[in-house]
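Asks: Take this structure first; my questions come after.
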Amino acid sequence: MLTRRAFVNASTMSAVAVAAISGRGQAASIPEAATMKEAGTQKPLAPHTGPDYNPIVTLNGWTAPWRMQGDWKEFHLVAEPVVREIAPGMKAYLWGYNGQSPGPTIETVEGDKVRIFVTNRLPEHTSIHWHGQRLPNGMDGVTGLTQPPIKPGQTFVYEFQLRRAGTFMYHPHADETLQLAMGMMGLFIVHPQDPAGRRVDRDFAFLLNAYDIEAGTYLPKVNTMLDFNLWTWNSRAYPGIDPFIVGKGDKVRMRVGNLTMTNHPIHIHGHEFNVTGTDGGYVPKGSAWPEVTVDIAVGQMRAFEFIADEPGDWAVHCHKSHHTMNAMGHTVKTYIGANLGNLQGKIAKVAKGYTAMGDKGMAEMGSMEMPMPDNTLPMMSGFAQFGAVEMGGMFSVLKVREGLSAGDYKDPGWYKNPPGTIAYAFNGTLPEASRATGSPDTSHTKADVRVVKPGSRPAMPGMQHD
Ligand SMILES: [Cu+2]
């Protein structure tokens, strides 16, 4: 739900900003700063000016509204403390923009002249760097190097023309370690001037970020460098990350930017994709390369595209397995194969309620109701139609469904698998249904088992021999 802040008028602006605006003979009013209360994926914002592009879907996020002032597209970002729901059951005290972390996605078209007002409501100074953009040096947002800091209470104005299309980011370049660790970042999308040129049916975007928030607390530890316990997409952790809803046959694009301090190999199931965008912009047609996993290095952006032609509920996740866990204790010992049976009784005598865990593996944690401090996410969680998913962190689901109309992003529920297409427990005979479909291969039944050993040459009908 979009709510409107009170109009910020010239009297609250800094002398610098007023001078900047009046110097250009503009009316000294700042566009309203919209703010977002909800952490769910908001409806994409169709353009009301300029080329008719297909708008971006910001995963668990939203798009900044703008107004036209002459031929300038004007936005208003407010840097401020926010409360972000990381997943149901856990909130974090972060810093962000316009009510959320990440801030709203800025969505524009190549050639646009943008004027971005930035108001600082943080307790310390800030600035915004427009990551990846070509712009006048003094608009680059590096405190001390290209501009003075934006002090608390001040509003600064950034003005530049968008010289190339692609996927970009924005983030502070002032007290950067702390401000990034607190969640200050956003996406900046520039569509090509001819929207038909690179059109897709569903265009998703998200940022990779990470937090270190101790169990039972709300504030990120800002001095952590690598050992984060919450690996997030747009400051959300699974099962709080919304699914990607797409129609069967849709051309889908995902745009991903990495503002963590390690790389993330993003992997999708059931489909291969083409990498069509990098930090440098669109990959020339014909040079895109196929992958099922794309590694996104620190500070990088990647866009990839595929035709969603396989119906189902397909996992999409970072392939570093520790990044699909929440609040993981990296100092916990490994007990696989140990006999914890006796230990349980002994420790329970001194520590009431102690449960020995992990002698068979850690999967039991995915379905157990363990007592935890308030405001803490389970390490492995999420339930689907076949039980516990045993995931957390950077994990979501690509839901490919037949017959979705354009712009329908409603969660369709779990996939209804056609009969005979789900992996099943073998009980000595193959089920009738499986034999009837002819696929999988049912020529080898219990009564007719042909064993093929390494090195042996089986005489298989239809096989060519040299
Ligand atoms: Cu990762």
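Asks: In the set T334, T260, which member is β-branched (V, I, T), farther than 16 Å from R198 by Cα and not assigned by TED's automatic domain parsing to the domain that holds S101?
Replies: T334 is the lone residue from the list that is β-branched (V, I, T), farther than 16 Å from R198 by Cα and not assigned by TED's automatic domain parsing to the domain that holds S101.
Per-residue answers, yes or no, for (1) within 16 Å of the ligand (Cβ to nearest atom); (2) farther than 21 Å from P81 by Cα; (3) among the polar types (S, T, N, Q):
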{"position": "V114", "(1), (2), (3)": "no, yes, no"}
{"position": "V118", "(1), (2), (3)": "no, no, no"}
{"position": "E124", "(1), (2), (3)": "no, no, no"}
{"position": "N137", "(1), (2), (3)": "no, yes, yes"}
{"position": "F156", "(1), (2), (3)": "no, no, no"}
{"position": "N209", "(1), (2), (3)": "yes, no, yes"}
{"position": "E214", "(1), (2), (3)": "no, no, no"}
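Asks: Now a separate question. If we scan segment 185-192, do we find a residue that is under 19 Å from Y93 (Cβ atoms) and away from the ligand (no atom under 16 Å from the Cβ)?
Replies: Within segment 185-192 (the criterion being under 19 Å from Y93 (Cβ atoms) and away from the ligand (no atom under 16 Å from the Cβ)), the answer is yes, since at least one residue qualifies.
Yes/no per residue for (1) touching an Asp or Glu at 6+ places or on another chain (Cβ under 7 Å); (2) at pLDDT below 95; (3) within 16 Å of the ligand (Cβ to nearest atom):
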{"position": "R121", "(1), (2), (3)": "yes, no, no"}
{"position": "T146", "(1), (2), (3)": "yes, no, no"}
{"position": "P149", "(1), (2), (3)": "no, no, no"}
{"position": "G153", "(1), (2), (3)": "no, no, no"}
{"position": "R163", "(1), (2), (3)": "no, no, no"}
{"position": "T167", "(1), (2), (3)": "no, no, no"}
{"position": "P172", "(1), (2), (3)": "no, no, no"}
{"position": "P195", "(1), (2), (3)": "yes, yes, no"}
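Asks: Now, a different point. Does segment 239-291 hold any residues that are acidic (D, E) and surrounded by fewer than 16 Cβ atoms within 10 Å (Cβ to Cβ), and which are they?
Replies: Hit for segment 239-291 is E272, nothing else.
Asks: Which is loosely packed, with under 10 Cβ neighbours inside 10 Å and either of a type outside the set (S, T, Y) or at pLDDT 90 or above (or both), of P418, P440, P431?
Replies: Criteria check complete, one pass: P418.
Asks: Here is a further query. Among residues belonging to segment 226-238 that are crowded, with 23+ Cβ neighbours inside 10 Å and outside any strand (DSSP E or B), point out the one that is nearest to the ligand (Cβ to nearest atom).
Replies: F228
Asks: Could you give me the residue pairs with C-beta distances under 8 Å whose first residue belongs to segment 308-320 and is within 16 Å of the ligand (Cβ to nearest atom), whose second residue is part of a loop (DSSP other than H, G, I, E, B) wherever it lies, and which are 6+ apart or on separate chains?
Replies: A315/H269; V316/H269; H317/M394; C318/M394; K320/T262
Asks: Please state which one of M365, M370, M380 is within 25 Å of T232 (Cα to Cα), within 20 Å of the chain's Cα centre (by Cα) and modelled with pLDDT under 90.
Replies: The match here is M380.
Asks: Please determine whether any residue of segment 400-414 is within 16 Å of the ligand (Cβ to nearest atom), closer than 30 Å to K320 by Cβ and either modelled with pLDDT under 75 or of a type outside the set (G, A, S) (or both).
Replies: No, segment 400-414 contains no residue that is within 16 Å of the ligand (Cβ to nearest atom), closer than 30 Å to K320 by Cβ and either modelled with pLDDT under 75 or of a type outside the set (G, A, S) (or both).
Residues checked against (1) assigned to a strand (DSSP E or B); (2) free of Cβ contacts under 8 Å to residues at least 40 places away in the same chain; (3) basic (K, R):
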| position | (1), (2), (3) |
| --- | --- |
| F75 | yes, no, no |
| E80 | yes, no, no |
| W95 | yes, no, no |
| T108 | yes, no, no |
| V114 | yes, no, no |
| E124 | no, no, no |
| G141 | no, yes, no |
| L145 | no, yes, no |
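Asks: Between a residue in segment 251-264 that is farther than 17 Å from F188 by Cα and in contact (Cβ under 8 Å) with a residue 24 or more places away in the chain and any residue that is away from the ligand (no atom under 16 Å from the Cβ) and of a type in the set (D, E), which pairs come within a Cβ distance under 7 Å, given they are 6 or more apart or on different chains?
Replies: K251/D201; K251/E305; V252/D201; V252/E305
Asks: May I pose another question? Can you pull out every residue in segment 242-301 that is touching a Pro at 6+ places or on another chain (Cβ under 8 Å), β-branched (V, I, T) and within 16 Å of the ligand (Cβ to nearest atom)?
Replies: The answer is T293, V294, I296.
The values are calculated or read from the model by the stated rules, or taken from the named source; none is laboratory data. Just so you know, these numbers come straight off a predicted model, no measurement behind them. As a convention, Cβ positions derive from the backbone with ideal geometry for all residues, glycine included, and neighbour counts pool all protein chains shown.
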